[in-house]
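Trainee: So that we are looking at the same thing, I have put the structure below in structure tokens.
The values are calculated or read from the model by the stated rules, or taken from the named source; none is laboratory data. Since we're looking at a predicted model, the values are computed, not measured. In this analysis, Cβ positions are derived from the backbone assuming ideal geometry, glycine residues included, and neighbour counts consider all displayed protein chains.
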Ligand code: GRF
């Protein structure tokens, strides 16, 4: 945290609809997150609806093309193990004095070199249940059932395909291994009859909107 600024400044990274970003905006505007502000919203997609949400609320919002060759980025902060997009992202996060990076539907993997600059300061929302330390192949639900851990882009569909009765969402610290960092908070969600990936994901998002606010609150309380 910047010593001249008592707020916890969030950098929210998005790729799509930004409903979790909206949950943070609402919580801040409703005084549920005292001492927290959104310093910057970054999207790797120009048409991400989340960018509109940010601008509607007069928040700094930037479209950062990802994975393209960005000539000149090496002059900002040479760090050969990071991609040029990551170098640019790092410069933006520093410029806007971001303390905590929230991956809210951000669909790009961040390298170990990028993450090591922000140790325990990058959190992610994942639409499946991870064990406490984030690692391992199974998760034990509150009714004692062992279910597989679903990682990656299709975690919601994987839960349906596996025929599990309970899934959920969690917010966890980001480590170089994808969807495998220590869990900050989570909630189980029962899978209903006839559920599709869409209906289940929508119900998981409702839970996530509470979880992301709780996770940021916890991060604020330990800084
Ligand atoms: C969320 O379901 C989150 O779990 C996943 O991406 C989705 C983003 O949704 N990582 P939104 O853009 O916040 O609506």
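Trainee: Only residues that are over 19 Å from residue 67 (Cβ atoms) and assigned to a loop (DSSP other than H, G, I, E, B): list them for the range 100-109, please.
Mentor: Passing the criteria: only 104.
Trainee: Something else: Which of the following residues is more than 18 Å from residue 102 (Cα to Cα), under 16 Å from the mean Cα position of the chain (by Cα) and without any contact (Cβ under 8 Å) to a residue 40 or more places away in the chain: 155, 190, 162?
Mentor: Within the list 155, 190, 162, the selection yields 155.
Yes or no, residue by residue, for (1) touching a helix residue (DSSP H, G or I) at 6+ places or on another chain (Cβ under 8 Å); (2) at pLDDT below 95; (3) under 25 Å from residue 201 (Cα atoms); (4) surrounded by 22 or more Cβ atoms within 10 Å (Cβ to Cβ):
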| residue | (1), (2), (3), (4) |
| --- | --- |
| 7 | no, yes, no, no |
| 11 | yes, no, yes, yes |
| 14 | yes, no, yes, yes |
| 17 | yes, no, yes, no |
| 21 | yes, no, yes, yes |
| 26 | no, no, yes, no |
| 29 | no, no, no, no |
| 36 | yes, no, no, no |
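Trainee: From (1) more than 25 Å from residue 61 (Cβ to Cβ); (2) more than 16 Å from the ligand (Cβ to nearest atom); (3) in contact with a strand residue (DSSP E or B) (Cβ under 8 Å, 6 or more places away or on another chain), pick out the condition that doesn't hold for residue 183.
Mentor: Going through (1) more than 25 Å from residue 61 (Cβ to Cβ); (2) more than 16 Å from the ligand (Cβ to nearest atom); (3) in contact with a strand residue (DSSP E or B) (Cβ under 8 Å, 6 or more places away or on another chain) one by one, residue 183 breaks only (2).
Trainee: Right, something else. Answer yes or no as to whether residue 199 is modelled with pLDDT of 95 or more, within 16 Å of the ligand (Cβ to nearest atom) and either surrounded by 20 or more Cβ atoms within 10 Å (Cβ to Cβ) or more than 13 Å from the chain's Cα centre (by Cα) (or both).
Mentor: When the stated conditions are applied, residue 199 passes them.
Trainee: Would you check which residues across the range 15-59 are in a strand (DSSP E or B) and either on the phi > 0 side of the Ramachandran plot or within 14 Å of the ligand (Cβ to nearest atom) (or both) and list them? Even if it seems obvious, please write down each step before you answer.
Mentor: If we filter the range 15-59 for residues that are in a strand (DSSP E or B), which is where we start, we get 36-43.
Hits for the range 15-59 are 38, 41, 42, 43.
Trainee: Would you check if residue 97 is in contact with a strand residue (DSSP E or B) (Cβ under 6 Å, 6 or more places away or on another chain), at pLDDT 95 or above and either part of a loop (DSSP other than H, G, I, E, B) or surrounded by fewer than 17 Cβ atoms within 10 Å (Cβ to Cβ) (or both)?
Mentor: yes
Trainee: Let me ask something additional. Taking the stated definitions as given, is residue 104 more than 12 Å from the chain's Cα centre (by Cα), under 19 Å from residue 18 (Cα atoms), within 16 Å of the ligand (Cβ to nearest atom) and surrounded by 15 or more Cβ atoms within 10 Å (Cβ to Cβ)?
Mentor: No, not satisfied.
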